[in-house]
Each structure stands twice: as C-alpha cells, then as structure tokens.
Amino acid sequence: MRQNQYRLDSTPRDAACRFARVAPAILLSLSQKLREGQRVFAATGGLHGAAIFSLDGTMLRDIREDVGRHNAVDKVIGFALTNAMVRWRNI
C-alpha cells in the first residue's frame, strides 16, 4: 500500500474523530431519512441522493441529488468543504 493511500483501519488524526461512534439504530435510520428528503427522486424516481449527518442522525444540510450517485456525493463533499463543515484531511 502506498504511503498516501487512505486505510480504513488507520487512526484519524483528529482526536474528536478517533472516538466517534454511531449507534447501529441511528445508522440504520439514515437511509429512510435520506429518502424522505429526496424531493426530486419522489417526483421522478430517477435520482441518487447524498447528505451529511451528525453522529446522532441529524441531517446537517440539504440533500444533494444527481443522476449519478458519485456526483451526488461529490456535491455534498464540495459543499461541506467550501462551507468549512469538514476539513480535507478528515474525508
């Protein structure tokens, strides 16, 4: 593995992230919360959605939708980065 490649089992640099835990019930509820907020998907059935949630399952910003699932995720990450919601090293 290259040195700059992210490993899922690596320790996050940020102390707050190192101890972050999400309860299984919260994790399981996120897909339903995402679906409930997808206005365009509800009307068309043809878009992917992505959102950022807090550790307690609260949606932090509006859902981003796109025909491509990777594009929807890119939109959410781009919004979070440009609005200082997350730091680049924590993604």
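Considering region 7-91, the qualifying helices (runs of 4 or more DSSP H), each wholly inside and each with 3 or more residues that are at pLDDT below 80, run over 15-18.
Annotation note: Cβ proximity below 9 Å between a residue of region 43-62 that is touching a residue at least 24 places away in the same chain (Cβ under 8 Å) and a residue that is outside any loop (DSSP other than H, G, I, E, B) and of a type in the set (S, T, Y) (sequence gap 6+ or interchain) occurs for G57/S29. Taking region 43-61 as the range and being in contact with a Gly (Cβ under 8 Å, 6 or more places away or on another chain) and more than 14 Å from D74 (Cα to Cα) as the test, only M59 passes.
The values are calculated or read from the model by the stated rules, or taken from the named source; none is laboratory data. These figures come from a predicted structure and were not determined experimentally. Please note: Cβ atoms are built from the backbone with ideal geometry, for glycine as well, and neighbour counts cover all protein chains shown.
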